[in-house]
1. Going by what's in this entry, would residue 47 be described as part of a helix (DSSP H, G or I), farther than 27 Å from residue 191 by Cα, open to solvent by less than 60 Å² (accessible area, probe 1.4 Å) and not acidic (Asp, Glu)?
2. How many residues are surrounded by fewer than 22 Cβ atoms within 10 Å (Cβ to Cβ) and within 23 Å of residue 103 (Cβ to Cβ) when one looks only at the range 132-158?
3. Within the range 84-126, take every residue that is of a type in the set (S, T, N, Q) and in a helix (DSSP H, G or I) and give me the one that is most open to solvent (accessible area, probe 1.4 Å).
4. Yes or no: residue 151 in a loop (DSSP other than H, G, I, E, B), of a type in the set (D, E, K, R) and over 17 Å from residue 35 (Cβ atoms)?
5. Need pairs with beta-carbon distance below 7 Å; first residue closer than 10 Å to residue 66 by Cα and within the range 174-188, second open to solvent by 80 Å² or more (accessible area, probe 1.4 Å) and not in a helix (DSSP H, G or I); sequence gap 6+ or separate chains.
6. Just one of 60, 16 is among the hydroxyl-bearing types (Ser, Thr, Tyr) and touching a residue at least 60 places away in the same chain (Cβ under 8 Å); which is it?
7. From (1) closer than 24 Å to residue 143 by Cβ; (2) touching a His at 6+ places or on another chain (Cβ under 8 Å); (3) hydrophobic (A, V, I, L, M, F, W, C), pick out the condition that doesn't hold for residue 69.
8. Quick check on my filter: what residues within the range 159-211 are modelled with pLDDT of 90 or more, surrounded by 14 or more Cβ atoms within 10 Å (Cβ to Cβ) and among the basic types (Lys, Arg)?
Amino acid sequence: MPSARRSFTRAELESYRDAEVPDLLPGPGQELRLLFVGINPGLWTAATQTHFAHPGNRFYPALLRAGVLTRAVDPAAGMTDEDREHLRERGIGITNLVARASVRADELGTEELRLGHHRLEGLAQGLHAGTGRLPVVAVAGITAFRTAWGDRHAQLGRQEGRVAGAPLWVVPQPSGLNAHENIDTLADKWRQVAAEVDWPAGLSRRRPSGR
């Protein structure tokens, strides 16, 4: 069960090293339309069992600003059942290339990342077989993507290749450690991804207010 706390000591977080976080995927009767792929869980994510959970991570605020989410999600103390259902109803799933938690993604080895690429192919194939729908796949992190796909010249944005036939994008790493991006620039990039998603009329991407 996720912790209900919003702070941890360094020793407490360290105890979650190599822990795993389950994928967040739509349930029976719910279609997967957009699959976000993190590199691997951070220790805060492992402690709360919630993807992209660190308070400094811009993932959920940027998705809200982009109009991909229709209400705010604050996962720092652990995502609520209502939060998870909101993502599932939107057709949004979250997984990782590598399951084990670490302090930083650069602690992962080349072989781990390449195996993660193959695992993602298998996951996408299984989801397609189960629903008959190909989701749009967005990998968050260009450096790890280059290693996992064996393409050192890959750039952010829509990729020529696909994942099990699904459209493939690379979006920036939303961690607060990525000083090249902020909530607005992340939202701009994720709007491009969302524009390719086949949203049904009742779940069409809302027009974000403000900036």
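1. When the stated conditions are applied, residue 47 passes them.
2. Residues meeting the conditions: 3.
3. Narrowing the range 84-126 to residues of a type in the set (S, T, N, Q): 95-96, 102, 110, 125.
With in a helix (DSSP H, G or I) added as a condition, the list becomes 110, 125.
Numbers: 110: 71, 125: 108 Å².
The residue in question is 125.
4. Considered against the rule, which asks whether it is in a loop (DSSP other than H, G, I, E, B), of a type in the set (D, E, K, R) and over 17 Å from residue 35 (Cβ atoms), residue 151 comes out as yes.
5. 184/211
6. None of the others qualify; the one that does is 16.
7. (1)
8. Hits for the range 159-211 are 189, 191.
The values are calculated or read from the model by the stated rules, or taken from the named source; none is laboratory data. On a predicted model such as this, the values are computed, not experimentally measured, just so you know. Note: ideal-geometry Cβ built from the backbone for every residue, glycine included; neighbour counts use all protein chains shown. The area values use the complete protein model at the heavy-atom level, side chains included, leaving out ligands, DNA and RNA. Shrake-Rupley method; radii C 1.70, N 1.55, O 1.52, S 1.80 Å.
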